[in-house]
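The values are calculated or read from the model by the stated rules, or taken from the named source; none is laboratory data. This structure is a prediction, so every number in the text was calculated from the model and none was measured. For neighbour counting, all protein chains shown are included, and Cβ atoms are generated from backbone atoms with ideal geometry for every residue, glycine included.
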Amino acid sequence: MLPTGSGRVEVTVIRNRMVTNAAAVAIVWLAGMLVAFAQGSEIVNPDAVVAGAAAGEVAKSQADSQFRSLDEDVQSLKKEVLDLNRDLFLLEEELLFPANSQVAFFISMDVGEYFELDSVSLQIDGKEVANYLYTEREAGALLRGGVQRVHMENLKVGDHELIAVFTGKGPHVRDYRRGATMTFNKGIGAKYVEMEISDRAAKQQPEFIIKEWE
């Protein structure tokens, strides 16, 4: 028996809604197809997108791990090069300055209120062997307790004369030049000589002392 009256109206409304919904779905799908076609891309399966993202994360993690490994290798290589340079430097010193004839000269400063060091020159047995000009940073390092090796020399066994000449700014920021001398005996084995600049508070003058390390 066919529906009559209000029943026909309800069937018609439901049918129209179904058609409308189907049409909307079709329109949305078609719009997506057109957009994808216009962009020159293919319709991507959502599962494929998730799988691709996971693969990308794995690849990125592997790349990061390889980069860290490479960085560790580079740092290790740098350390080996530095160690090799140090060993070569020590070997060169041993060859150029054997312990039996080696004499090293150092300079240090104590307080430094009455003297600002600019340069120092060294003479051994009447021959100039070193002339060093200091930067502000180097002079500051000496004032903070640093000790600098100014020169190394090969000397025969026996007596030798050292003359050190210091130039800089003295009291009242005046140009200052002062020399100090010492006769020392070179025996068998290495010898170390220190030139110390200190303040003589009683006279408000710098004092230059040359001494041997025991």
Where the second residue is part of a loop (DSSP other than H, G, I, E, B) and of a type in the set (A, V, I, L, M) and the first is under 15 Å from V165 (Cα atoms) and in the same structural domain as R174 (by TED's automatic domain parsing) and lies in segment 196-213, which pairs have Cβ atoms under 7 Å and are six or more apart or on separate chains? S198/V111
So which pairs qualify, if the first residue must be in segment 112-129 and closer than 12 Å to L143 by Cβ, the second must be of a type outside the set (S, T, N, Q) and in a loop (DSSP other than H, G, I, E, B), the Cβ gap must be under 6 Å, and the two must be at least 6 apart or on different chains? F115/G170; L117/Y134
Could you pull out the residue among S108, S65, S76 that is at pLDDT 90 or above and not in a loop (DSSP other than H, G, I, E, B)? S108
Hey, among G170, G145, which residue is crowded, with 16+ Cβ neighbours inside 10 Å and either at pLDDT below 95 or out of contact with any helix residue (DSSP H, G or I) (no Cβ under 9 Å at 6 or more places or on another chain) (or both)? G170
Taking into account only those residues within segment 173-196 that are β-branched (V, I, T) and modelled with pLDDT of 90 or more, which is nearest to N100 (Cα to Cα)? V193
Return yes or no: is L34 of a type in the set (A, V, I, L, M, F, W, C) and modelled with pLDDT under 60? yes
The correct count of residues that are under 28 Å from N154 (Cα atoms) and charged (D, E, K, R) in segment 169-206 is 6
